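I have placed the structure first, in the form of structure tokens, so that the comments after it can refer back to it.
The values are calculated or read from the model by the stated rules, or taken from the named source; none is laboratory data. Note that the structure is predicted; figures quoted are calculated from it, not measured. When we count neighbours, we look across all protein chains shown, and the Cβ atoms used for this are built from the backbone with ideal geometry, even at glycine. The area values use the complete protein model at the heavy-atom level, side chains included, leaving out ligands, DNA and RNA. Shrake-Rupley method; radii C 1.70, N 1.55, O 1.52, S 1.80 Å.
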Amino acid sequence: MANKEKLFTEFTAPTTQEWLDKIEVDLKGADFQKRLVWRTNEGFNVQPFYRREDLANLKTPDALPGEFPFVRGNKKDSNEWYVRQNIAVTDPAEANKKALDILMKGVDSIGFKLGHAELSAEFIETLLKDIRLDCVEVSYRACLRHALQLADLLVAYFEKMGYDKEKIVGGVGFDPIERMLMKGKDSTMLLPDMPKLVEKLKDYPNLRCVMVHSDLLNNSGAYIVQELGYALAWGNEYLQQLTDAGIDVDLAAKKIKFYMGISENYFMEIAKFRAARLLWAQIVKQYEPKCDCACKMVINASTSTYNQTVFDSYVNLLRSQTEAMSAALGGVHSMVVTPFDAPYEQATDFSERIARNQQLIIKEESHFDRIVDPGAGSYYIEHLTDALAQEAWKLFLKIEDEGGFLEAVKKGTIQDDINATNVKRHGDAAKRKEFLLGTNQFPNFTEKSEGKEPSSVCCCATATHTTDPDVPALKTSRLASDFETLRLTTEKAAKVPVAFMLTIGNLAMRQARAQFSCNFLACAGYKVIDNLGFKTVEEGVDAALAAGADIVVICSSDDEYAEYAIPAFKYLDGRAMFVVAGAPACMEDLKAAGIENYIHVKCNVLETLREYNQKLGI
């Protein structure tokens, strides 16, 4: 032990300035702010490294698990969460059969989506037959107008079965504002049912009934800080209305549950859930509850559908796996992993099994459920938690100053903000500023849709557009949808275009540009043919035409384009589209010779490929 202590004392810890000085030397004059500081979409900067001194003024590292403000989670002894799977109920007997089956396969939380089912005592008894409601979490969601009836039927069933009220865990979904955001229909006339619903379920402390579905915002393209800030304002709107209706604040707060999405930003999502609990606790505290336990935020997290893709759909497993890990480490109450095939079909038994197992792996094999808030003390995660909390709080206060969340929804403020973000993200994807592996970057060159079509109604809550909406609705589409439409259009053409790489000149440059061009053009579903190289442009053009090329892409170095491009273009003589890979200094000379097509890193990939399809008659 003495030797170990001596070892540590022999080294002098470098200061932050010494680190910065070393970085400046390594950058060789490059701008530190531009090269290494990340400006996030959430509105704050992330430094390339953090030290203990960066946390000196933060209070979050001093928080304890299970204690106010619950930034480190609601539990003290574990990080256990419910593994949830949702079931759309068309026939109660079939839904019951499926529920019993998956409860034997690792699931301990069921979400029954009842839709517009005709509710009755017989319906509920059939649906819940042999399900031990005191052992598993069960949530129910019916038409908003039937929420009170559903609550009465459930309470009657619980009493008939003799269940201990404290052991009933789950929820009865009621969220009128979500309907307004999704469908543009004013649902404020249903808000008076909310305190009635709370009263009906007041004797069931673990059965929540007022829901905040901010996962809708996530699946509509919202940035993390937008989902977080608006979720808080949404929850506060319901809390304010309940207390104004005479509901005790402790009861009101304990009846609210948050349904949040999980995006692909791994560390920031961990921080989001920590910041969410922190801020919600502060909000509830202002209502002066009798017990701090009322300040706990209960979150069901769902992996995003916004970044899921039809093509290369197994990559969706990688996306949802890291998202699930973020939520688990962030300390959520329950979690749903969206099946990988959700964008194009009703989930199969196989995809649902894989989705369940994605959670079971991180529980049973990686033991994510054992350690409470493992991110605590991480300089980076603590910084992200604080930065997200500050930015989300600004957004929350802005909405409150403008009259609250409901008023903002009526005015369309929320919808306009999220829709603008969605448009921006689609634009970023078109330019490859935002990557979708297998879609706008590194597509599978040989993959075909094989009949897969994007679902007309995706589980990402696509808005139903009405001819005369009462309020603006969210206009959502998955991030990959534009590229998928393009690729499917190409695939259905009478002839799939063939793009031939005419590689010539400098070996390194021609190979690099050929790889870039193949990747670029395959995003449209074109058949790409790469080559090792040609001695002359004539040889390359002849080979391209022999291969049935519709597009000939010359791949060389910038300096050599002045020598090779125009002769190749003239020899091709309009027998195929001619494209230059790059943006050489001689571009104006090439344009003067009639060469009009160029692909390079600054291109709008989507618009360029749409233009090529048009020129090819697709």
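Filter region 356-380 down to residues that are aliphatic (A, V, I, L, M) and open to solvent by 10 Å² or more (accessible area, probe 1.4 Å) and give me whichever is farthest from VAL83 (Cα to Cα).
Out of the qualifying residues, it is ALA376.
Name the residues in region 566-607 that are under 26 Å from ALA493 (Cβ atoms), open to solvent by 20 Å² or more (accessible area, probe 1.4 Å) and assigned to a helix (DSSP H, G or I), would you?
PHE569, GLU607
Do we find a residue being in contact (Cβ under 8 Å) with a residue 40 or more places away in the chain and charged (D, E, K, R) anywhere in region 537-546?
no
Scanning region 304-349 for residues that are open to solvent by less than 10 Å² (accessible area, probe 1.4 Å) and of a type in the set (D, E, K, R), which turns out farthest from ALA88 (Cα to Cα)?
GLU323
With the requirement that a residue be closer than 30 Å to GLU453 by Cα and either surrounded by fewer than 24 Cβ atoms within 10 Å (Cβ to Cβ) or among the acidic types (Asp, Glu) (or both), what does region 498-525 give you?
VAL498, GLN515, PHE516, CYS518, ASN519, ALA522
State all residues of region 484-524 that are without any contact (Cβ under 8 Å) to a residue 40 or more places away in the chain and either under 20 Å from ALA576 (Cα atoms) or touching a helix residue (DSSP H, G or I) at 6+ places or on another chain (Cβ under 8 Å) (or both); if no residue qualifies, say none.
ALA494, VAL496
How many of the residues in region 132-149 are in contact with a strand residue (DSSP E or B) (Cβ under 7 Å, 6 or more places away or on another chain) and under 17 Å from ALA99 (Cβ atoms)?
Within region 132-149, residues that are in contact with a strand residue (DSSP E or B) (Cβ under 7 Å, 6 or more places away or on another chain) and under 17 Å from ALA99 (Cβ atoms) number 7.
Kindly establish whether ASP470 is of a type in the set (Asp, Glu), in contact with a Gly (Cβ under 7 Å, 6 or more places away or on another chain) and either in contact (Cβ under 8 Å) with a residue 12 or more places away in the chain or assigned to a helix (DSSP H, G or I) (or both).
It is true that ASP470 is of a type in the set (Asp, Glu), in contact with a Gly (Cβ under 7 Å, 6 or more places away or on another chain) and either in contact (Cβ under 8 Å) with a residue 12 or more places away in the chain or assigned to a helix (DSSP H, G or I) (or both).
It is to be established whether one or more residues within region 476-487 are in contact with an Asp or Glu (Cβ under 6 Å, 6 or more places away or on another chain), modelled with pLDDT of 95 or more and not in a loop (DSSP other than H, G, I, E, B).
no
Please go through region 233-278 and pick out each residue that is open to solvent by less than 30 Å² (accessible area, probe 1.4 Å), of a type in the set (Val, Ile, Thr) and closer than 19 Å to CYS293 by Cα.
Hits for region 233-278 are ILE247, VAL249, ILE256.
For a quick check of your reading of the model, give me the residue pairs whose first member lies in region 313-341 and is under 12 Å from PHE368 (Cα atoms), whose second is in a helix (DSSP H, G or I) and among the basic types (Lys, Arg), with beta-carbon atoms closer than 8 Å and at least 6 apart or on different chains.
So the pair list comes out as ALA328/LYS363; GLY330/LYS272; GLY330/ARG274; GLY331/ARG274; GLY331/ARG277.
I need every pair where a residue in region 368-386 that is among the hydroxyl-bearing types (Ser, Thr, Tyr) has its Cβ under 8 Å from the Cβ of a residue that is surrounded by 21 or more Cβ atoms within 10 Å (Cβ to Cβ) and not in a helix (DSSP H, G or I), sequence separation at least 6 or different chains.
These pairs meet every condition: THR385/VAL71.
With the condition kept exactly as written, say whether any residue in region 136-146 is farther than 19 Å from LEU119 by Cβ, outside any helix (DSSP H, G or I) and aliphatic (A, V, I, L, M).
Checked against the condition, which is being farther than 19 Å from LEU119 by Cβ, outside any helix (DSSP H, G or I) and aliphatic (A, V, I, L, M), region 136-146 yields at least one hit.
Give region 544-565 a look and list any residue that's closer than 21 Å to TYR612 by Cβ and open to solvent by 20 Å² or more (accessible area, probe 1.4 Å), or say none.
LEU545, ALA547, GLY548, ASP550
Would you be able to tell me the number of residues in region 178-225 that are assigned to a helix (DSSP H, G or I) and more than 19 Å from ILE299 (Cα to Cα)?
15
Do any residues in region 551-570 that are closer than 24 Å to TYR526 by Cα and at pLDDT 95 or above have Cβ atoms under 6 Å from those of residues that are of a type in the set (Phe, Trp, Tyr) and in a helix (DSSP H, G or I), where the two are at least six apart or on different chains, and which pairs are they?
As it stands, the answer is SER556/TYR564, since those pairs meet every condition given.
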